[in-house]
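Just below is one structure, and these are the notes that go with it.
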Amino acid sequence: MRLRTMSVTAGVSALLLLTGCGAADMTKQASPFAGAQGAGTVTLSVQSWVGAQANVGVAQYLLEHELGYRVDTVQVDEVPAWDALSQGRVDAILEDWGHPDQEKRYVEDKKTIVAGGGLGVTGHIGWYVPTYFARQHPDVTDWKNLNKYAGRLRTAESGGKGQLLDGSPSYVTNDKALVGNLKLNYQVVFAGSEAAQITQMKQFAKERKPFLTYWYSPQWLFEKVPMTEVRLPAYKDGCDADAAKVACAYPHTPLQKYLNTDFAKNGGRAAAFLKKFKWTTEDQNEVSLMIANDRMSAQEAAKKWVDSHPSTWRAWLS
């Protein structure tokens, strides 16, 4: 979710060091290899959350070790990633959570980007409380009762209101509108990044304190900090069309891949491979857990997954 041009040798593992760091929109600083004809190099956009790093880690490993490409990666916010992809500064986005404005502009109108197929993973954003708190107070899982617990969920950062903890302002979020439109006595507080948000949630859990957080699946943290979703007003098609008036839950979103149009046509085996790249939530979580919890580099985690799942990835190369 932040754009940084990385050296080819640095790879995805170096990107992990950047997670949580602020970065300017650098979409005008192209990789020296992006879009280069015959260079044997693929440039992938990698977002700051660990699931996206897992996708890119495995794709990079296979592109390099099975297909003989060099892989360059850039870390970029969600919306600027579309700009970079349209301009040919990156070749592919492997995990998009839904950006209809960008789809219309670049896929439908300009035709500089093409759909690359589904990732195989369905994403869902929601509000969550720790399961230990939900068991003590089952009614907290209904949004209509949240104001009852605002005092319990107040923090020094929330200004006398209950705290709704979010990650980065660059993430897909309707939370400020939801809090206002549902008349909830809460303040949205941004941790700044996924890593910072995880640190806060793990500290709350260690101390067995209650918290309310914006969170999403798939995500490895559910295995370490069990959480229960708060039921928001049911999602219906179009209920989130006007960002200022949103008063419904987030949808369940089949996550998508997108490719630069020229790369999709002329990218050879690399483009064909990325179109076929498709795995499960369990696969992604397995690699994510190795990166985030076991402190492996993305390439170390990718190699371990590749070694144990040949029947999955060989189909992507056919």
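Some values worked out for this structure:
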quantity: Of residues in the stretch 51-68 being part of a helix (DSSP H, G or I) and open to solvent by 10 Å² or more (accessible area, probe 1.4 Å), the one nearest to Ala298 (Cα to Cα); calculated: Tyr61
quantity: Subset of the stretch 166-195 (residues that are modelled with pLDDT of 95 or more and among the hydrophobic types (A, V, I, L, M, F, W, C)); calculated: Ala177, Leu178, Val179, Leu182, Leu184, Val188, Val189, Phe190, Ala191
quantity: Candidates Val71, Val90 - the one that is in a loop (DSSP other than H, G, I, E, B), in contact with a helix residue (DSSP H, G or I) (Cβ under 6 Å, 6 or more places away or on another chain) and open to solvent by less than 10 Å² (accessible area, probe 1.4 Å); calculated: Val90
quantity: Lys278 vs. criteria over 19 Å from the mean Cα position of the chain (by Cα), at pLDDT 95 or above and among the basic types (Lys, Arg); calculated: no
quantity: Residues (in a helix (DSSP H, G or I), within 20 Å of Trp82 (Cα to Cα) and open to solvent by less than 20 Å² (accessible area, probe 1.4 Å)) located in the stretch 265-286; calculated: Ala270, Ala271, Leu274
quantity: Index of the failed condition, Trp143 passing every other in (1) under 30 Å from Gly117 (Cα atoms); (2) of a type outside the set (Gly, Ala, Ser); (3) surrounded by fewer than 18 Cβ atoms within 10 Å (Cβ to Cβ); calculated: (1)
quantity: Asp262 being over 30 Å from Glu103 (Cα atoms), open to solvent by 30 Å² or more (accessible area, probe 1.4 Å) and at pLDDT 95 or above; calculated: no
quantity: Residue check for Tyr128: farther than 30 Å from Val225 by Cα and among the aromatic types (Phe, Trp, Tyr); calculated: no
quantity: Count of residues meeting criterion [buried (at least 20 other Cβ atoms within 10 Å of the Cβ) and assigned to a strand (DSSP E or B)] in the stretch 242-255; calculated: 1
quantity: Selection status of Gly98, part of a loop (DSSP other than H, G, I, E, B), surrounded by fewer than 18 Cβ atoms within 10 Å (Cβ to Cβ) and not assigned by the TED database to the domain that holds Val230; calculated: yes
quantity: Positions within the stretch 105-116 being closer than 26 Å to Asn174 by Cα, open to solvent by 50 Å² or more (accessible area, probe 1.4 Å) and either touching a residue at least 40 places away in the same chain (Cβ under 8 Å) or within 21 Å of the chain's Cα centre (by Cα) (or both), in sequence order; calculated: Ala115
quantity: The one condition in (1) assigned to a loop (DSSP other than H, G, I, E, B); (2) at pLDDT below 85 that Val12 fails to fulfil; calculated: (1)
quantity: Tally of residues being without any contact (Cβ under 8 Å) to a residue 60 or more places away in the chain and either surrounded by 10 or more Cβ atoms within 10 Å (Cβ to Cβ) or within 22 Å of the chain's Cα centre (by Cα) (or both) across the stretch 230-241; calculated: 4
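The values are calculated or read from the model by the stated rules, or taken from the named source; none is laboratory data. If you're wondering where the values come from, they're calculated on a predicted model, not measured in any experiment. Methodologically, a virtual Cβ is constructed for each residue, glycine included, from the backbone with ideal geometry; neighbour enumeration extends over all protein chains shown. The accessibility values were calculated without ligands, DNA or RNA, using every heavy atom of the protein model including side chains. Shrake-Rupley method; radii C 1.70, N 1.55, O 1.52, S 1.80 Å.
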